[in-house]
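**Student:** Quick one: this structure, given as structure tokens, is what I'll be asking you about.
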Amino acid sequence: MERKNLTLGVFGFGCVGQGLYEVLSRTQGLKANIKKICIKEPEKARSQPPTLFTSNRDEILNDPEIDVVVELINDDVAAFEIVSTAMKNGKAVVSASKKMIATHLNELYDLQQLYHVPFLYEGACCASIPIIRNLEEYYDNDLLHSIEGIFNGSTNYILTKIFDDAISFDLALQEAQEKGFAETDPRMDIEGHDPKFKLCILLLHAFGIFVKPEHIFNFGIDRLNDFDINYAREKHCRIKLIAKCRKVGNEIYAYVFPHFVNGNSQLTNIHNEYNGVLVESAFSDRQFFTGKGAGSTPTGSAVLSDISALSYNYRYEYRKISQQLAAQKALDLKVEDTLLLNNNIELKIFVRYSDVQDVPIEAFNDIIEKYESAGFKYIIGTIQLEKIIDADWVKNRAINLIAL
Ligand SMILES: NC(=O)c1ccc[n+]([C@@H]2O[C@H](COP(=O)([O-])OP(=O)(O)OC[C@H]3O[C@@H](n4cnc5c(N)ncnc54)[C@H](OP(=O)(O)O)[C@@H]3O)[C@@H](O)[C@H]2O)c1
């Protein structure tokens, strides 16, 4: 197949933008030339000639020579404006902005169909791990049971440093920021929003369903204290921030929670900024993908892979959506009978607290273990996820929850 020459207009020259520039300049074979890079602050010193840069987005969006817009900025509102305008102007688009993509999945899907332009975003999910392309090309919806994993490099780096080097949470976060692993607003990482955005994107490519981020529960690692860490160590466990989704019949369960993991889980040995994705399907059983989930060149390489795919006219076919629609039509299913997100799933959780009145024991199906000391107390019990979502006691920052 003949390969197209591409002229690129890039938005953003931060951690990922510079990573892309580096990997592109060291890659042979791909004929893709960056014509212009749009940045926010024109006064900032740059490592490349000033003529390459502009702060006027129209210089890229309205340039007929530019056939691919690569969006790598840290402002999700501006990112959506840029990406949607580029598509309306008939340009192919590559993006790594997970928050923007997860928030606008429906509109972005429609824009692709309406303007017949490809939109690729492998770098938005677990950076260097080619999970979207695998879900698109390899797995069949009916055979896919579940996806779970460590989807956030920054929090995995923090947790690794806490457990291996015994450094404080704040220092580990600062290191993650210095290394370019953290989001501009680190609450996106530590509160578990970022892995949830990736889960929304993967749910579309795995099962063909559009789920809004606000409909998926996320709990982060921002309340972790020494008691929780010592508890994990005593039990020969680590704590990992894990995103999960599972298809059971017509229902999909999806959530993000910190988990205690031990040697039985492949995720236990995923350290630093690495991510790990476990896919479970009917016949191949369990498959495991791992790779760097954050950072300049690992993310840049995923973006480069998308640009390379565009040079072969690749686009996502969203086959799982078509499969869903076909099944619906063939069986004359009602909307409520098709795949739907459901939060009525039982979780086993550890709850650490200091005041007994703060935790409604009656909300639990079962209490398996209880511990009380002068300082901290904990229970381990089973509870329905829907009883955690929006519960006032869960909003109390003196309480921490970790799944088992
Ligand atoms: N860092 C990672 O490991 C990683 C991994 C996967 C995905 N991502 C995603 O990739 C995107 C970029 O992340 P990053 O870490 O590279 O961010 P970053 O280092 O903070 O860089 C952001 C860049 O965006 C530019 N920018 C911001 N608003 C702009 C606007 N309105 N128009 C044009 N340029 C604008 C900034 O310009 P100035 O240089 O003038 O400030 C800067 O060059 C984010 O969506 C992030 O979630 C990051």
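**Student:** Under the classification rounded if a/c is under 1.5, otherwise prolate if a/b is larger than b/c and oblate if not, where does segment 32-169 fall, given a ≥ b ≥ c as square roots of the Cα gyration tensor eigenvalues?
**Tutor:** Judged from the Cα gyration tensor, segment 32-169 comes out oblate (a/c at least 1.5, b/c at or above a/b).
**Student:** Given charges of +1 on the Cβ of Lys and Arg and -1 on the Cβ of Asp and Glu, with all other atoms neutral, how large is the dipole of segment 129-258 about its Cα centre, in debye to the nearest 20? Please list the in-between numbers first.
**Tutor:** Working: 15 positive and 21 negative charges, 63 e Å.
Its charge dipole is roughly 300 debye.
**Student:** Right, here's the next one. Which links in Lys235/Lys292; Lys91/Lys244; Lys196/Lys292; Lys31/Lys198; Lys40/Lys91 stretch past 26 Å when you go from one Cα to the other?
**Tutor:** Values: Lys235/Lys292 28 Å; Lys91/Lys244 34 Å; Lys196/Lys292 18 Å; Lys31/Lys198 30 Å; Lys40/Lys91 21 Å.
In this structure, Lys235/Lys292; Lys91/Lys244; Lys31/Lys198 exceed 26 Å between Cα atoms.
**Student:** Compute the distance from the alpha-carbon center of segment 1-78 to that of segment 263-279, in whole Å.
**Tutor:** The two parts, judged by their Cα centres, are 33 Å apart.
**Student:** Magnitude of the Cβ-charge dipole of the chain, K/R +1 and D/E -1, about the Cα centre, nearest 20 debye? Intermediate values should be presented prior to the final figure.
**Tutor:** Values: 43 positive and 55 negative charges, 163 e Å.
Charge dipole of the chain: 780 debye, to the nearest 20.
**Student:** Please give the net charge around Leu199, taking every other residue with its beta carbon less than 12 angstrom from that of Leu199, where Lys and Arg add +1 and Asp and Glu add -1.
**Tutor:** Details: positive: Lys98, Lys196, Lys198, Lys212, Lys244, Arg246; negative: Glu148, Asp194.
It works out to a net charge of +4.
**Student:** Next question, about the same structure. Please compute the per residue accessible area over the chain with all protein chains in place, 1.4 Å probe, rounded to a whole number of Å².
**Tutor:** Numbers: 17850 Å² over 404 residues.
Heavy-atom accessible area per residue stands at 44 Å².
**Student:** First compute the accessible area of segment 187-325 with a 1.4 Å probe, then give the percent of it belonging to carbon and sulfur atoms. Don't skip to the answer; put the middle values down first.
**Tutor:** On the way: 2380 of 5140 Å².
Roughly 46 percent, rounded to a whole number.
**Student:** Compute the acute angle (0 to 90°) between the alpha-carbon long axis of helix 105-115 and the principal axis of greatest extent of the alpha-carbon atoms of the chain; round to the nearest 10°.
**Tutor:** 20
**Student:** Compute the Rg to Rh ratio over the chain from the alpha carbon atoms, using the Kirkwood formula for Rh, and round to two decimal places. Could the numbers behind the result be given before it?
**Tutor:** Details: Rg = 22.1 Å, Rh = 22.3 Å.
Using only Cα positions, Rg/Rh for the chain is 0.99.
**Student:** Now a separate question. Do you know the relative contact order of the chain, to the nearest whole percent, from alpha carbon pairs under 8 angstrom that are 6+ apart?
**Tutor:** About 18 percent, as a whole number.
**Student:** OK, next. Among Ser373, Ser308, Ser55, determine the one that fluctuates most according to a GNM of the chain built with springs between C-alpha atoms less than 10 Å apart.
**Tutor:** Looking only at Ser373, Ser308, Ser55, the biggest GNM fluctuation is shown by Ser373.
**Student:** Oh, and also: Relative to the longest principal Cα axis of the chain, at what angle does helix 15-25 sit, 0 to 90 degrees, rounded to 10?
**Tutor:** Here the helix axis deviates by roughly 50 degrees.
**Student:** Another one. If we restrict to alpha carbons, what Rg and Dmax does segment 132-173 come to, in Å?
**Tutor:** According to the Cα coordinates of segment 132-173, Rg and Dmax are 16.4, 45 Å.
**Student:** Which value, in debye to the nearest 20, gives the size of the charge dipole of segment 241-334 about its Cα centre, when Lys and Arg are +1 and Asp and Glu are -1 at the Cβ? Write down the numbers at each step before the final one.
**Tutor:** On the way: 10 positive and 7 negative charges, 45 e Å.
Rounded to the nearest 20 debye, it is 220 debye.
**Student:** Here's a follow-up. Add -39500 (n - 2.57) for each DSSP H run of 4 or more in the chain, then divide by its residues: what number comes out at 222 nm, to the nearest 500 deg cm²/dmol? Walk me through the numbers on the way to the answer.
**Tutor:** Details: 14 runs with 135 residues, N = 404.
It comes out at -9500 deg cm²/dmol, rounded to the nearest 500.
The values are calculated or read from the model by the stated rules, or taken from the named source; none is laboratory data. Please read all numbers here as calculations on a predicted model, not as lab measurements. Every residue, glycine among them, receives a Cβ derived from its backbone with ideal geometry; neighbour counts consider all protein chains shown. Just the protein is used for accessible areas: all its heavy atoms, side chains included, with ligands, DNA and RNA removed. Shrake-Rupley method; radii C 1.70, N 1.55, O 1.52, S 1.80 Å.
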